[in-house]
Amino acid sequence: MGPRRRRAARVLLLDPQDRILLLHGFDPQEPGRQWWFTPGGGVEDGEELADAAYREIAEETGIRDARLGALLATRATEFEFDGRMYAQDEWYYLARTDTVETDASGQTELEQRSTDELRWWTLDELTTTRETIYPNALAKLLGQVLREGPPARPVRLSGPRLWSTMVGRTHS
């Protein structure tokens with residue numbers, strides 16, 4: 001059986017100081033595989049990408065005042081997570097919030113088993129960290145957005161085949 005195909009809406013969520021919110025996750029079947037990632041997740045049947053982005057922000061972070069902006073980037077990736085292979089098409093939106101306090105109580109059962117921290121990062125921290133961040137090009141993309149504003153057209157994020165790059169809803 002091949003990988004489960006899915007669409008995902010992901011968000012570069014910025015606070016008033018231009019810090020980005022990332023979640024720290026790990027594979028429940030291999031807790032030693034850890035990474036930081038943007039809020040977002042699977043698009044439900046019949047759901048618009050922007051609606052999925054708002055829903056995922058609220059569920060994963062508790063932030064409900066996010067203002068969704070431009071579509072910044074797209075990416076196609078394949079990964080293994082929780083014993084299952086995925087082939088995922090991702091859309092990355094820019095969003096702003098005035099809220100810096102987070103609440104993970106709305107996370108799904110799987111998210112609660114595989115996410116252990118939410119943290120606001122400065123661009124400098126993101127650029128200099130040795131920790132794994134997904135997508136790999138996140139620091140570069142955020143730096144361009146902060147310097148030049150959103151791109152006129154969404155950029156295509158590329159890179160090697162990635163494993164364990166997300167945490168979020170999984171749907172049959």
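No value in this document is a laboratory result; all are computed from the given coordinates. Just so we're clear, the structure is a prediction, and the values are computed from it rather than from any experiment. Every residue, glycine among them, receives a Cβ derived from its backbone with ideal geometry; neighbour counts consider all protein chains shown.
Can you tell me the Rg and the Dmax, both Å, for the Cα atoms in segment 4-72?
Rg, Dmax (Cα atoms, Å): 13.0, 38.
Using alpha carbons only, how many degrees (0 to 90, rounded to 10) separate the axis of helix 138-148 from the longest principal axis of the chain?
So the inclination is approximately 20 degrees.
If you place +1 on the Cβ of every Lys and Arg, -1 on the Cβ of every Asp and Glu, and leave all else neutral, what size is the dipole of the chain about its Cα centre, to the nearest 20 Debye? Provide the component values of the computation, followed by the final result.
Working: 22 positive and 29 negative charges, 151 e Å.
The dipole magnitude comes to about 720 debye.
State to the nearest 20 debye the size of the charge dipole of segment 1-78 about its Cα centre, where the only charges are +1 on K and R beta carbons and -1 on D and E beta carbons.
On the way: 11 positive and 14 negative charges, 49 e Å.
That gives a dipole near 240 debye.
Given H placed 1.01 Å from N in the peptide plane, which residues other than close sequence neighbours of Gly69 have an amide H under 5 Å from its amide H?
Close amide H contacts, sequence-distant or interchain: Leu94, Ala95, Arg96.
Relative contact order (percent) for the chain, with alpha-carbon contacts under 8 angstrom and 6 or more residues of separation? Write down the numbers at each step before the final one.
Numbers: 366 pairs, mean separation 55.5, N = 172.
That works out to 32 percent.
Can you divide the C-alpha Rg of segment 79-148 by 2.2 N^0.38 Å and report the result to two decimal places? Write down the numbers at each step before the final one.
Numbers: Rg = 14.6 Å, N = 70, 2.2 N^0.38 = 11.1 Å.
That works out to 1.32 for segment 79-148.
Sort largest first and round to whole Å: the equivalent ellipsoid semi-axes of the chain, each the square root of five times a Cα gyration tensor eigenvalue.
Equivalent ellipsoid of the chain: 22, 17, 17 Å, largest first.
HN-Hα J couplings of segment 43-49 from phi, Karplus 6.51/-1.76/1.60, θ = phi - 60°, integer Hz, Gly and Pro as x?
Those phi angles translate into 8, 7, 3, x, 8, 6, 4 Hz.
Among bridges DSSP assigns within the chain, what percent are antiparallel (round to 5)?
Numbers: 27 of 42 bridges.
The answer is about 65 percent antiparallel.
Relative to the present Cα-Cα distance, how much length would full extension add between Asp51 and Asp116 at 0.36 nm per residue of separation?
On the way: separation 65, 0.36 × 65 = 23.40 nm, distance 2.50 nm.
So the extension gain works out to 20.9 nm.
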